[in-house]
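Just below is one structure, and these are the notes that go with it.
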Amino acid sequence: MISPFFHHLFKAYQAELDDLATDSEGNNILNKRLAQRRKETQFLLNMLELSPEMVAVVFYDAFRFSNPRALQDLLGRDSEDLPDWDDVHVNVELAAWAEPLVNSVLGQDKGAWFMSVAVALEFMRTKLHQYDKAGSGRAAAGDDEDHDGEDSDHGDDEYLDEDEREAREQEAAGNAWLTEQGFDSKD
């Protein structure tokens, strides 16, 4: 099961990524904005506890999950019950580019707690499509591979409210129509 803490925080994380993803003309600029955020990490560290979703985006695609089953347990925990980074990092492989960012975070009072949060949010983002629709919170059997680089923007529909779901459906339909008319897909 996914705890209320991660259920709500993931919505905020997804919204933060959505805000970063496109410019006012609809162009995909996520990588550019993530690079900018990573340069601002020292400033963002002030928001570790207050707005972890705003800081966690700097770790977008920073983790490969070597033990998904152990990380599933993490998603069921509340904020005050999270294990520290020392217990979590044995279940993930960290991208080399992210090591200096992790070291900066771990130098903060709540840094070890935050790293557990960041891993959980990224795990949800990349693996959420594997969770069954019944909401049991268990990954699909036998599918423990990491889908590195695979974007799962629409894999979290079961966590969206009706307006958000409808907006995504309309956007997908509009994108499909534009593609049929010969325009390049926004995806």
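Listing for the model above:
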item: Pairs with Cβ under 7 Å, 6+ apart, first in the range 37-61 and among the small types (Gly, Ala, Ser), second in a helix (DSSP H, G or I); result: Ala56/Tyr13; Ala56/Val117; Ala56/Ala118; Ala56/Leu121
item: Residue check for Arg33: modelled with pLDDT of 95 or more and either outside any loop (DSSP other than H, G, I, E, B) or touching a Leu at 6+ places or on another chain (Cβ under 7 Å) (or both); result: yes
item: Test: Pro83 is assigned to a loop (DSSP other than H, G, I, E, B) and out of contact with any Lys or Arg (no Cβ under 7 Å at 6 or more places or on another chain); result: yes
item: Looking only at the range 90-109, and only at residues there that are modelled with pLDDT of 95 or more and among the charged types (D, E, K, R), the one that is nearest to Arg37 (Cα to Cα); result: Glu99
item: Condition broken by Tyr13, with the remaining ones in (1) hydroxyl-bearing (Ser, Thr, Tyr); (2) loosely packed, with under 15 Cβ neighbours inside 10 Å; (3) under 18 Å from Trp113 (Cβ atoms) satisfied; result: (2)
item: Given (1) modelled with pLDDT of 95 or more; (2) within 22 Å of Leu106 (Cα to Cα), index of the condition Asp87 fails; result: (1)
item: Identity of the residue in the range 16-43, basic (Lys, Arg) and surrounded by 16 or more Cβ atoms within 10 Å (Cβ to Cβ), that ends up nearest to Trp97 (Cα to Cα); result: Arg38
item: Filtered residues of the range 1-30 (kept if assigned to a helix (DSSP H, G or I) and in contact with a strand residue (DSSP E or B) (Cβ under 9 Å, 6 or more places away or on another chain)); result: Ala21, Leu30
item: Inter-residue pairs, beta-carbon under 6 Å, first of a type in the set (Asp, Glu) and in the range 68-92, second in a helix (DSSP H, G or I), 6+ apart; result: Asp78/Phe5; Asp84/Ala112
item: Answer from Gln42, Gln72 - the residue that is assigned to a helix (DSSP H, G or I), more than 18 Å from Gly111 (Cβ to Cβ) and not charged (D, E, K, R); result: Gln72
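The values are calculated or read from the model by the stated rules, or taken from the named source; none is laboratory data. If you're wondering where the values come from, they're calculated on a predicted model, not measured in any experiment. FYI the Cβ positions are ideal-geometry reconstructions off the backbone, even for glycines, and counts take in every protein chain you see.
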